[in-house]
Amino acid sequence: MKRRAAASPRPPAKRSATSPASTVRTHSLLPIISLTVPPEVLILGTHPSRKSLAESLSEKEVRMRGGAGPQNYGHSQNIFWNVAGSACGFSRHAVSYEKQCEAFTARGCVLWDVVRSCLGKGSLDSDIDKSTMEANDIPGLLSQHPTIRRICIAKTAAAFLCHSNGHAAWLKTGEAAGRRWDFVLRTASPATAETASVLGKYCRRATGSEIEAAVQKERAAGDGALQRTVELVVLPSTSPANAAMSPDAKEKVWHRAAYGYERAPAAYRCVGCGAVGEHWFVDCDRNEEWRRQQMEKKTRGDLFVEEVDGDRWLYSKPKA
């Protein structure tokens, strides 16, 4: 399958001559998108961290992320690709980044960033100097790929989308790239409340059937359609900095709201009980027991490395 290169064509990040020594201007990578599979869902992060840009990686980090080069969502402790793997049928630590991208785009998914370029002192979103931000052309990408009808964005990235110079007016007016956009918020979705709290003022509410009817009508009109309906979805950050939600809970929400699963994927194996395609781990009766066992392994120093025990990314401390 042909795919746009995931690595950035730009040179490595250099220190700005007019900025403090600790401040670096970095650039986002190219979007991960298939050239053969029509894309349907655009997933947006904020901006690559230093680790995503392959800065100072250890051998363990290279093994855990599936390669040594620049990667979108490439921090080894960010579980984005682990969740994508459990949705798309691969284990992050066991396959190359190239193979991960192939499986991801084969499901009609696209991955990119809100911020194209910025100055920052570190890898956290809070380290970004907002006054130096340049935005990626997201409306342009959607115009080039009219089959994209859903934008999923981590909550932290959504804040940058709302305030970046290149996107704030687009959200407020619904106009960009010579088109009119109709932003919708799906009711009765696992992400409805989060989306409403962050992007609700830019969206009209609609049921799943109403969204599908609008999309079908626009497709029938072809290039003559006056506007394009796009669903906005805000999801919990997969970064380890977001400790308010456990990894297994994030997995279920992302599977349902981003990847469109109503139930656990057919090939999904619950690490708690071993059942395949029956339920998500977060709903497993043996969830707490598994986490206690992993805590004991950690205490003993047994098998607590992801490249050996590939399900370790799901670990969080047991309740008791």
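Here, each number is a calculation from the coordinates, and none is a lab measurement. It should be emphasised that the depicted structure is a prediction, and the values quoted were computed from it without experimental measurement. In this analysis, Cβ positions are derived from the backbone assuming ideal geometry, glycine residues included, and neighbour counts consider all displayed protein chains.
Applying 0.36 nm per residue to the separation of His279 and Thr187 and subtracting their alpha-carbon distance, the gain on full extension is 30.8 nm.
With the gyration tensor restricted to C-alpha atoms of region 186-320, the semi-axes of the equivalent ellipsoid amount to 38, 16, 12 Å, longest first. For all pairs of alpha-carbon atoms in region 71-120, what percent lies in each bin of width 10 Å, listed from the first bin to the last filled one? Going out from 0 Å in 10 Å bins, region 71-120 shows 24, 54, 18, 4 percent. Overall, the chain carries a charge dipole of about 460 debye about its Cα centre when +1 sits on the Cβ of Lys and Arg and -1 on the Cβ of Asp and Glu, all other atoms neutral. Distance from the alpha carbon centroid of region 164-187 to that of region 119-158 works out to 14 angstrom. Just to verify a number: FRET efficiency for Ala241 and Val95, C-beta to C-beta distance, R0 = 25 Å, to 0.05? It comes to 0.45. The sum of -39500 (n - 2.57) across all DSSP H runs of n ≥ 4, divided by the residue count of the chain, sets its helix-only mean residue ellipticity at 222 nm to -8500 deg cm²/dmol. For Gly45, nonlocal amide neighbours, meaning residues 5 or more places apart or on other chains whose placed amide H falls under 5 Å from its own, are Trp112, Asp113, Val114. If R0 equals 45 Å, the separation of the Cβ atoms of Glu262 and Lys121 corresponds to a calculated FRET efficiency of about 0.55. Pairwise inverse Cα distances across region 135-260, averaged and inverted, put the Kirkwood hydrodynamic radius at 15.2 Å. Each residue in Leu57, Leu235 was given a count of other beta-carbon atoms within 10 angstrom of its own, and listing them fewest first yields Leu57, Leu235.
From the coordinates of this entry, P(r) over Cα pairs in 20 Å bins from 0, in percent is computed, and it appears in (i) 31, 58, 11, 0; (ii) 26, 45, 24, 5, 0; (iii) 31, 52, 12, 5, 0 under the label (i).
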